[in-house]
Amino acid sequence: VQLQASGGGLVQPGGSLRLSCAASRSIFSFVVVGWYRQAPGQQREFVATITSRGASNYADSVKGRFTISRDNAKNTVYLQMNNLKPDDTAVYYCNGRSSSLNVWGQGTQVTVSS
């Protein structure tokens with residue numbers, strides 16, 4: 001199973017973007033799908049996850065601004081990002097995990113700048 005991330009871009013502070021993470025097969029291949037990000041010179045950090053049952057979890061830094069969701073029919077997980085801040089600038093990666101899988105998609109760049 002492969003994951004394809006898309007939707008990054010350049011946005012002004014306060015703006016919004018929606019990232020997509022599309023699976024090459026059923027999204028139910030994964031127990032948990034999540035988004036992580038890595039800023040230049042920093043370690044990759046957790047952003048949000050969603051389970052196969054729809055339970056979500058967020059990093060404190062994005063709570064109230066980001067929403068993770070899934071469309072099972074499209075085998076896709078989304079990350080809606082609102083009220084973006086310059087500190088959100090990073091390469092965003094999606095990840096899918098199960099007992100036998102740990103798959104990373106390629107990154108998508110998000111730049112928040114005026």
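Computed values, structure above
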| quantity | calculated |
| --- | --- |
| Any hit, segment 27-36, residues being more than 16 Å from LEU101 (Cβ to Cβ), open to solvent by 50 Å² or more (accessible area, probe 1.4 Å) and part of a strand (DSSP E or B) | no |
| When residues of segment 27-56 are limited to those that are in contact with a helix residue (DSSP H, G or I) (Cβ under 8 Å, 6 or more places away or on another chain) and at pLDDT below 95, the one nearest to THR111 (Cα to Cα) | ILE27 |
| Residue that is farthest from ALA5 (Cα to Cα), among those in segment 103-112 that are at pLDDT 95 or above and surrounded by fewer than 17 Cβ atoms within 10 Å (Cβ to Cβ) | THR111 |
| Residues located in segment 43-56, provided they are touching a residue at least 12 places away in the same chain (Cβ under 8 Å), surrounded by fewer than 18 Cβ atoms within 10 Å (Cβ to Cβ) and polar (S, T, N, Q) | THR51, SER52, SER56 |
| Lone unmet requirement of (1) modelled with pLDDT under 95; (2) within 19 Å of PRO40 (Cα to Cα) for VAL91 | (1) |
| Whichever residue in segment 62-79 is under 20 Å from LEU3 (Cα atoms) and open to solvent by 60 Å² or more (accessible area, probe 1.4 Å) and, among such residues, is modelled with the highest pLDDT | THR67 |
| Unique residue being open to solvent by less than 20 Å² (accessible area, probe 1.4 Å), under 14 Å from GLY107 (Cβ atoms) and either touching a strand residue (DSSP E or B) at 6+ places or on another chain (Cβ under 9 Å) or not small (Gly, Ala, Ser) (or both) when the list is ALA90, ALA23, ALA59 | ALA90 |
| Selection from segment 38-76 of residues that are closer than 15 Å to SER20 by Cβ and in a strand (DSSP E or B) | VAL47, ALA48, ILE50, PHE66, THR67, ILE68, SER69, ARG70, ASP71, THR76 |
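The values are calculated or read from the model by the stated rules, or taken from the named source; none is laboratory data. As the structure is a prediction and not an experimental result, all values here were calculated from the model. When we count neighbours, we look across all protein chains shown, and the Cβ atoms used for this are built from the backbone with ideal geometry, even at glycine. The accessibility values were calculated without ligands, DNA or RNA, using every heavy atom of the protein model including side chains. Shrake-Rupley method; radii C 1.70, N 1.55, O 1.52, S 1.80 Å.
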